[in-house]
Amino acid sequence: MVSSYANKRKFDLKKFIESLESAEHDFVNLVILDVENEYAEEDKEIAKEEILSLIKRIKKGRRKESLKDFEGQIKEAEKSGDKERIKKLIREFQKKVISNK
């Protein structure tokens, strides 16, 4: 269940929203308003679960985008033959993958 989100770590919606880019920030605020309207008469827990589910999807998309960016940078470094940059990027990529599990 969502209440055991991320191994009992407390999720701070306000901090998460502040960490988003402007377009994502606006989108999340619209989703929250939509969910609040849709579930106005429903259980607050259902609304909370819906919001957290949408936030997970946004985070997953951001991680995927970030990893694709690393892949592109690694390919460019390979094309240019910059072995030190390749090593550095691969280490950063691995850290990113491990931290996102």
>> Could you go through segment 10-19 and let me know if any residue there is modelled with pLDDT under 75, surrounded by 10 or more Cβ atoms within 10 Å (Cβ to Cβ) and not in a helix (DSSP H, G or I).
In response: yes
> Among the residues of segment 74-101, which ones are under 20 Å from the mean Cα position of the chain (by Cα) and part of a helix (DSSP H, G or I)?
Replying inline: GLU92, PHE93, GLN94, LYS95, LYS96, VAL97, ILE98, SER99
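Would you call VAL35 part of a helix (DSSP H, G or I) and modelled with pLDDT of 75 or more? Give the derivation first.
Working: part of a helix (DSSP H, G or I): yes; modelled with pLDDT of 75 or more: no.
Spelling it out, it is not the case that VAL35 is part of a helix (DSSP H, G or I) and modelled with pLDDT of 75 or more.
The values are calculated or read from the model by the stated rules, or taken from the named source; none is laboratory data. Fair warning: this is a prediction, and the values are worked out from it, not measured in the lab. Virtual Cβ from ideal backbone geometry, glycine too; neighbours counted across all protein chains shown.
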